Amino acid sequence: MEIFLDTASIEDVVFWESFIDGVTTNPSLIAKSGAEDYEVLVKEICQLVRGPVSLEVLSEKYETMLTEGRRIAKINSNICVKLPCTFDGLRVCKELSLEGISTNMTLCFSSAQALLAAKCGATYVSPFVGRLEDVGHDGIHLLEEVLDLYNQQGYETRVLAASIRSLQHVIQAAMLGVDAITLPPLILRQCFEHPLTWKGLEIFANDLKKRK
Ligand code: E4P
């Protein structure tokens with residue numbers, strides 16, 4: 001399973017570099033970074049990781065989205081163009097896929113959207129677990145359904161669990177066999193933090209002191 005960091009911060013990418021295979025950004029994260037020129041920022045991120053760096057288009061209409069997608073794909077060889085699961089986004093996905101450009105279909109909230117993303121040749125599809133749960137739906141069930149559907153149909157689009165809000169989400173997604181997951185730095189930290197680990201270290205250190 002690939003682990004991506006959900007961030008647009010260079011500091012985060014440098015700090016977590018040992019654990020991550022790539023990065024996902026979104027317009028909100030880019031805004032939070034305060035970068036004056038976000039394409040320069042993303043290029044720098046691309047050079048820090050080997051794997052894919054998802055960068056989302058800002059256009060919403062087919063023609064402008066296609067032009068933007070082609071342009072941002074040139075920022076670096078590991079750019080993955082992030083497109084929304086809309087009518088225009090899916091059509092742009094099909095076109096970019098035919099041109100050999102890597103794509104990540106974002107804001108996926110249903111298996112039907114995931115089905116069309118695969119039909120359009122998406123490299124990744126990102127079902128949003130947390131945001132679905134925010135409105136009372138079962139985000140983990142969506143992951144399960146998309147994985148089953150792709151398996152039944154033999155689609156190669158990779159399932160990227162997104163909008164991950166807890167350790168439980170991480171484990172549930174991993175146990176279902178998702179191809180990739182994107183984690184905010186806070187959740188990645190929670191993956192290794194455990195009070196008993198610190199407590200254990202303290203006990204070992206105290207025992208050693210007693211021996212002296
Ligand atoms: C994924 O690519 C998105 O950037 C991200 O996972 C969204 O997460 P959020 O719903 O916590 O904003």
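Glu63 fails exactly one of the following numbered conditions: (1) among the acidic types (Asp, Glu); (2) surrounded by 15 or more Cβ atoms within 10 Å (Cβ to Cβ); (3) out of contact with any Phe, Trp or Tyr (no Cβ under 8 Å at 6 or more places or on another chain). What is the number of that condition?
Failing condition for Glu63: (2).
Among the helices (runs of 4 or more DSSP H) lying completely within the stretch 1-103, list those that include at least 1 residues that are touching a Ser or Thr at 6+ places or on another chain (Cβ under 9 Å) and among the small types (Gly, Ala, Ser).
Values: elements: 10-16, 27-33, 38-48, 62-73, 87-98.
Of the helices (runs of 4 or more DSSP H) lying wholly inside the stretch 1-103, those with at least 1 residues that are touching a Ser or Thr at 6+ places or on another chain (Cβ under 9 Å) and among the small types (Gly, Ala, Ser) span 27-33, 62-73, 87-98.
Check whether at least one residue in the stretch 143-163 is more than 30 Å from Glu95 (Cα to Cα) and not in a loop (DSSP other than H, G, I, E, B), and report yes or no.
Restricting attention to the stretch 143-163, the residues satisfying the condition of being more than 30 Å from Glu95 (Cα to Cα) are none.
No: the stretch 143-163 contains no residue that is more than 30 Å from Glu95 (Cα to Cα) and not in a loop (DSSP other than H, G, I, E, B).
When you go through (1) open to solvent by less than 80 Å² (accessible area, probe 1.4 Å); (2) out of contact with any Ser or Thr (no Cβ under 8 Å at 6 or more places or on another chain); (3) away from the ligand (no atom under 11 Å from the Cβ); (4) part of a helix (DSSP H, G or I) one by one for Val178, which number turns out not to apply?
So Val178 meets the others, but not (4).
What pairs come out if I take residues in the stretch 51-69 that are more than 23 Å from Ala161 (Cα to Cα) and among the polar types (S, T, N, Q) and pair them with residues that are open to solvent by 10 Å² or more (accessible area, probe 1.4 Å) and part of a strand (DSSP E or B) whose C-beta lies under 9 Å away, six or more apart or interchain?
The qualifying pairs do not exist here.
Tell me yes or no: at least one residue of the stretch 143-151 is within 15 Å of the chain's Cα centre (by Cα) and within 16 Å of the ligand (Cβ to nearest atom). Outline the logic, then answer.
Let us first name the residues in the stretch 143-151 that are within 15 Å of the chain's Cα centre (by Cα), namely 143.
Checking which are within 16 Å of the ligand (Cβ to nearest atom) leaves us with 143.
Yes, the stretch 143-151 has at least one match.
Which residues, taken from the stretch 91-114, are open to solvent by 20 Å² or more (accessible area, probe 1.4 Å) and within 23 Å of Ile140 (Cα to Cα)? Can you show your working first?
Looking only at the stretch 91-114, we keep the residues that are open to solvent by 20 Å² or more (accessible area, probe 1.4 Å), and these are 91, 94-95, 97-102, 107, 109-110, 112-113.
Passing the criteria: Leu107, Phe109, Ser110, Ala112, Gln113.
Hey, among Arg189, Arg158, which residue is within 27 Å of Arg71 (Cβ to Cβ) and open to solvent by 10 Å² or more (accessible area, probe 1.4 Å)?
That would be Arg158, the only listed residue that is within 27 Å of Arg71 (Cβ to Cβ) and open to solvent by 10 Å² or more (accessible area, probe 1.4 Å).
Only one of Ala112, Ala162 is more than 15 Å from the ligand (Cβ to nearest atom) and among the hydrophobic types (A, V, I, L, M, F, W, C). Can you tell me which? Working first, answer last.
Values: Ala162 fails: more than 15 Å from the ligand (Cβ to nearest atom).
Exactly one of Ala112, Ala162 is more than 15 Å from the ligand (Cβ to nearest atom) and among the hydrophobic types (A, V, I, L, M, F, W, C), namely Ala112.
Could you list, in sequence order, all residues of the stretch 13-41 that are more than 13 Å from the ligand (Cβ to nearest atom), open to solvent by less than 80 Å² (accessible area, probe 1.4 Å) and closer than 15 Å to Thr182 by Cβ?
Listed by number, the residues that qualify are Val13, Trp16, Ile20, Asp21.
Taking the stretch 159-186 as the region of interest, how many residues are more than 20 Å from Thr106 (Cα to Cα) and β-branched (Val, Ile, Thr)?
1
Limited to the stretch 132-142, what total is found for residues that are within 10 Å of Cys108 (Cβ to Cβ) and within 13 Å of the ligand (Cβ to nearest atom)? Even if it seems obvious, please write down each step before you answer.
Initially, the stretch 132-142 is screened for residues within 10 Å of Cys108 (Cβ to Cβ), giving 132, 142.
Those left that are additionally within 13 Å of the ligand (Cβ to nearest atom): 132.
Counting residues in the stretch 132-142 that are within 10 Å of Cys108 (Cβ to Cβ) and within 13 Å of the ligand (Cβ to nearest atom) gives 1.
The values are calculated or read from the model by the stated rules, or taken from the named source; none is laboratory data. The structure displayed is predicted, hence computed values, not measured ones. Positions of Cβ are backbone-derived with ideal geometry, glycine not excepted, and every protein chain shown enters the neighbour counts. Ligands, DNA and RNA are stripped out before the accessible areas are found, and what is left, the full protein with its side chains, is counted by its heavy atoms. Shrake-Rupley method; radii C 1.70, N 1.55, O 1.52, S 1.80 Å.
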